[in-house]
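Worksheet for the structure shown next.
The values are calculated or read from the model by the stated rules, or taken from the named source; none is laboratory data. Everything numeric in this text was worked out from a predicted model, so none of it was measured. Note that we place each Cβ from the backbone using ideal geometry, even for glycine, and neighbour counts take in every protein chain shown.
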Amino acid sequence: MKDALYFEVYNKEKKQLKCNLCPWYCIISEGKVGNCRIRKNIDGKLFSLTYDKFSSVSMDPIEKKPLYLFYPGSEILSLGTLGCNFHCQFCQNWEISQADFDEHYLKTVTSSDVIALAKQYHSIGVAYTYNEPLINYEWLKDTMSEAKEYGLKNVLVSNGYINEEPFYNIVENIDAANIDVKSFRDEFYKKYCGGKLAPVLRTVEILVKKKKHVEITNLIIPGLNDSDDEISDLVDWVWSLGEEIPLHFSRYFPCYKMTIKATPFPTLEKARKIALKKLKHVYLGNVMELEYNRTYCPQCKEILIERKGYHTEVTGLKDGHCKKCGYKIPTLQI
């Protein structure tokens, strides 16, 4: 356990605390946990239960995050623990994200362990992923700072649901992020995730403002967030932040509590077509068709990066420029 940051006494007599880390602002009674399941009130003080405790540790291709224009073809040490401040009915990692804290299922991984593992396996850095990493804020903050000192890249894979003050206090140590914008409608968030849209958008906007590498994922679910109007609104917002920001439309499959049939491929193609009217880099995830995972030159359409599953080959680039026409992708880090 670790003393938690960002809380205040809500009712001293009842020993109730108010957690200020994310927009839930949970009121947590003695012995209880917040909405995320891992921040607990113990004797009138808030603790993070998952500090140094992890369910998953692995070396992953950076493309799995997914990040397509951030050191393509590299591998990154990836860690996740338990809990989430959303309760998405379609969660693919629900076994850990919706699990109650149980130390018996977790392994101890300190910040120093992470640095040693990253060096041992020649990782470009550390990816905070699998469950929602921002709720494990104290460990994230400490480890990001230490990783930065050793020249490692910090990659955040997140739902973006955090308050501004705590996020501003870690954003300088973030090198890249993939933020999951699950829908561009507040009603969707309230009904299917248990949250609000605005804080997620604000997190992305802060990352862009701070000139961090940002990619966005949108899981398209038939009948829920796949209308032309909603896709267009999402694309317009991404475009307002930068036309070079990669947007990943991901195919939904039935999972956890949601039994709607899988996303038809034409729906994904339609979304991509809408997005390419304004954005330079649009990808389709959870599909087998190779052309939708390639990176093309926005100017001459030459293949710059070829992807077959998680095998990545940089074919058409030289010093970050298209070999054929010389176009430079400003958001590419390589």
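Note on segment 218-241: among residues that are surrounded by 15 or more Cβ atoms within 10 Å (Cβ to Cβ) and of a type in the set (D, E, K, R), the one that is farthest from P266 (Cα to Cα) is E230. Would you be able to say whether some residue in segment 297-304 is out of contact with any Cys (no Cβ under 6 Å at 6 or more places or on another chain), in contact (Cβ under 8 Å) with a residue 40 or more places away in the chain and either assigned by TED's automatic domain parsing to the domain that holds S240 or not in a loop (DSSP other than H, G, I, E, B) (or both)? Within segment 297-304, none of the residues are out of contact with any Cys (no Cβ under 6 Å at 6 or more places or on another chain), in contact (Cβ under 8 Å) with a residue 40 or more places away in the chain and either assigned by TED's automatic domain parsing to the domain that holds S240 or not in a loop (DSSP other than H, G, I, E, B) (or both). For N136, state whether it is part of a helix (DSSP H, G or I), of a type in the set (S, T, N, Q) and assigned by TED's automatic domain parsing to the domain that holds Y256. Yes, satisfied. In segment 230-238, is there at least one residue being within 22 Å of V214 (Cβ to Cβ), outside the structural domain of K212 (by TED's automatic domain parsing) and either part of a loop (DSSP other than H, G, I, E, B) or in contact (Cβ under 8 Å) with a residue 40 or more places away in the chain (or both)? Within segment 230-238, not a single residue is within 22 Å of V214 (Cβ to Cβ), outside the structural domain of K212 (by TED's automatic domain parsing) and either part of a loop (DSSP other than H, G, I, E, B) or in contact (Cβ under 8 Å) with a residue 40 or more places away in the chain (or both). The set of residues from segment 237-264 being closer than 30 Å to Q299 by Cα and in contact with a Lys or Arg (Cβ under 7 Å, 6 or more places away or on another chain) comprises W239, E243, E244, F249.
The set of residues in segment 1-60 that are within 20 Å of P133 (Cα to Cα) and among the acidic types (D, E) comprises D3, D52, D60.
Quick one: in segment 189-204, which of the residues that are touching a residue at least 40 places away in the same chain (Cβ under 8 Å) and of a type in the set (G, A, S) is surrounded by the most Cβ atoms within 10 Å (Cβ to Cβ)? Checked segment 189-204; the qualifying residue surrounded by the most Cβ atoms within 10 Å (Cβ to Cβ) is G195. Exactly one residue out of D52, D43 is more than 19 Å from the chain's Cα centre (by Cα), buried (at least 20 other Cβ atoms within 10 Å of the Cβ) and either under 30 Å from I329 (Cα atoms) or not basic (K, R) (or both), and it is D52. Condition first: at pLDDT 95 or above, in a helix (DSSP H, G or I) and in the same structural domain as I274 (by TED's automatic domain parsing). Can you find one or more residues in segment 212-227 that meet it? No - not one qualifying residue is present in segment 212-227. I'd like the residue in segment 299-334 that is of a type in the set (S, T, Y) and more than 21 Å from K278 (Cα to Cα) and, out of all such residues, is surrounded by the most Cβ atoms within 10 Å (Cβ to Cβ). It comes out as T312.
Conditions (1) part of a loop (DSSP other than H, G, I, E, B); (2) outside the structural domain of N136 (by TED's automatic domain parsing), marked per residue:
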| site | (1), (2) |
| --- | --- |
| Y10 | no, yes |
| L17 | no, yes |
| W24 | yes, yes |
| C36 | yes, yes |
| M59 | no, no |
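Taking the listed residues L268, L284, L279, the one that is in a loop (DSSP other than H, G, I, E, B), touching a strand residue (DSSP E or B) at 6+ places or on another chain (Cβ under 6 Å), touching a residue at least 24 places away in the same chain (Cβ under 8 Å) and in the same structural domain as W94 (by TED's automatic domain parsing) is L279, with no other qualifying.
Residue by residue, here is whether (1) crowded, with 17+ Cβ neighbours inside 10 Å; (2) part of a strand (DSSP E or B); (3) in the same structural domain as S74 (by TED's automatic domain parsing) holds:
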residue: M144; (1), (2), (3): yes, no, yes
residue: A147; (1), (2), (3): yes, no, yes
residue: G151; (1), (2), (3): no, no, yes
residue: V157; (1), (2), (3): yes, yes, yes
residue: P166; (1), (2), (3): yes, no, yes
residue: S183; (1), (2), (3): yes, no, yes
residue: E187; (1), (2), (3): no, no, yes
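All of T129, T110, T81 fail the test of being closer than 19 Å to K212 by Cα and among the hydroxyl-bearing types (S, T, Y), apart from T129. May I ask you to list the residues in segment 286-314 that are modelled with pLDDT under 95 and touching an Asp or Glu at 6+ places or on another chain (Cβ under 6 Å)? Across segment 286-314, the qualifying residue is only Y310.
Kindly indicate whether any position in segment 315-330 is part of a loop (DSSP other than H, G, I, E, B) and under 30 Å from F90 (Cα atoms). Taking every residue of segment 315-330 in turn, none turns out to be part of a loop (DSSP other than H, G, I, E, B) and under 30 Å from F90 (Cα atoms).
Within segment 220-238, the presence of at least one residue that is among the polar types (S, T, N, Q) and within 23 Å of W94 (Cα to Cα) is confirmed. Scanning segment 244-256 turns up no residue that is basic (K, R), assigned by TED's automatic domain parsing to the domain that holds Y192, part of a loop (DSSP other than H, G, I, E, B) and out of contact with any Asp or Glu (no Cβ under 9 Å at 6 or more places or on another chain).
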